[in-house]
Amino acid sequence: MSAPPHPTVAPPDATVVPRLIPHRPDASLGAHLARLGPPPRPTRSLVEQVEAAGVRGRGGAGFPTGVKMAAVAARSRTRGPIVVANGTEGEPASAKDQTLLVHVPHLVLDGMVAAAGAVGAREAILCVDRRHRHVVDAVGRAVGERQGRWADTVAVRVAQVPSRYVAGEESALVHWLNGGEAKPTSSPPRPFERGVDGRPTLVDNVETLAHVALVARFGAEWYRAIGTPDEPGTVLLTVGGHAARGGVYEVPSGVPLAALLDNAGAPLAELAGVLVGGYFGTWLDPATAAAVAVDHSSLRAVGGSLGCGVVFALPRGHCGLAETARIARWLAGEGAQQCGPCAHGLPAMAEAMEHLSAGGPGASRAHVRLHQLFVQVEGRGACRHPDGAVRMVRSALEVFAADAAAHAAGRPCPPAPAWLPTPAPGGWR
């Protein structure tokens, strides 16, 4: 059954932000079609368009999306591929993916269907955290609205994934969809080679697929009209902490981090540090934060990463070591427990951070012990979870070095309320 025809919508001004989430969002299918027009026809040429547009993954490392799509498409002749949209967002300080799925779910669904057509898939799975009930309900309504509207050759279903930090890692999603526990796997093959049901599998973050939907509608040249030459387009960022106007922001890639913080009501002069990239990210001191832009290459140059798009502002007078100790303890509890660095190294690192942040007897030894643990843990895990925890803790010791020295000498910061969220543990299955 075909939908009634919709008039073609003229492409919006490519230089105007927001692109993904309008100022007055309406999650209904009717509002979505009125804003952007009918969904693009799935076509194999979309792979080349996404490559030309320079779309990068919005879930972590910023890997080129077109390269992933091409790798899956190249294997489509052996066995039918499948597309997995990752909307689990296990990062406690992030809300961008939840915001996207609640307010513009049809843009994500368009991207899933378009990507599926491009790689030769006839099935797509949207994965969401089962604990995010508002997201589960929103995407369920959106999928229901589309049924019977178009003669799509792509079947879309929603999967509710266990609430664990590492459950959103792409190999963990594949393992769970195949009937196992939602834990990462380290050995080949990777999902693009053999993933869900042994088929080539494209796993992309939901924000990435929303960008794919825009490229499919308006083309690579339109997409590149904003952002940087190396990292075109916009990015969704969750600004939190000491921010008078915190929330989810959509900004062009490459904007100064200081401008973003100032716009959110978090001027650098009032901050002790900024955590960029989430709990696998890095702390930046205010001087460094003042000099970097919001893109992968700029942040990488100062030892940071954009990661999951978290920008958390810690106010002056609050202890970054205490915040980091709580995150380290939470990360130790969220690990897959599949290797020594995760089962033993992360708890030891959390304990040492707790001793250092308390500043009592043993704080000086704990300071030394942390540097020993970094060497013993980093690069030795069965997945990237231990490496992410080390990166965040090491950056705290660098950014809050003066506090670390004072704590080690028995002069801790005064107790203060916690800022960064650490939710209760979820389950594996």
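Quick notes on this structure:
- Among the residues making up region 95-106, those that are part of a helix (DSSP H, G or I) and either within 17 Å of GLY309 (Cβ to Cβ) or aromatic (Phe, Trp, Tyr) (or both) are LYS96, ASP97, GLN98, THR99, LEU100, LEU101, VAL102, HIS103.
- Qualifying position, being under 21 Å from PRO200 (Cβ atoms) and either part of a loop (DSSP other than H, G, I, E, B) or not polar (S, T, N, Q) (or both), among VAL16, VAL67: VAL67
- Apart from one condition, GLY426 fits all of (1) of a type outside the set (D, E, K, R); (2) within 21 Å of the chain's Cα centre (by Cα); (3) crowded, with 19+ Cβ neighbours inside 10 Å; the exception is (3).
- Within region 179-233, tally of residues that are basic (Lys, Arg) and touching a residue at least 40 places away in the same chain (Cβ under 8 Å): 4
- Check on TYR279, in contact (Cβ under 8 Å) with a residue 40 or more places away in the chain, within 23 Å of PRO22 (Cβ to Cβ) and among the hydroxyl-bearing types (Ser, Thr, Tyr): no
- Condition met for ARG157 (outside any helix (DSSP H, G or I), assigned by TED's automatic domain parsing to the domain that holds LEU46 and over 29 Å from LEU275 (Cα atoms)): yes
- Helices (runs of 4 or more DSSP H) completely within region 353-429 that count 1 or more residues being closer than 22 Å to PRO341 by Cα and touching a Phe, Trp or Tyr at 6+ places or on another chain (Cβ under 8 Å): 385-399
- Matching residues, region 258-302, being of a type in the set (Phe, Trp, Tyr) and either more than 21 Å from GLY60 (Cα to Cα) or in contact with a strand residue (DSSP E or B) (Cβ under 6 Å, 6 or more places away or on another chain) (or both): TRP283
The values are calculated or read from the model by the stated rules, or taken from the named source; none is laboratory data. Source: prediction; values computed, not measured. So basically every Cβ, Gly included, is an ideal-geometry build from the backbone, and we count neighbours across all protein chains shown.
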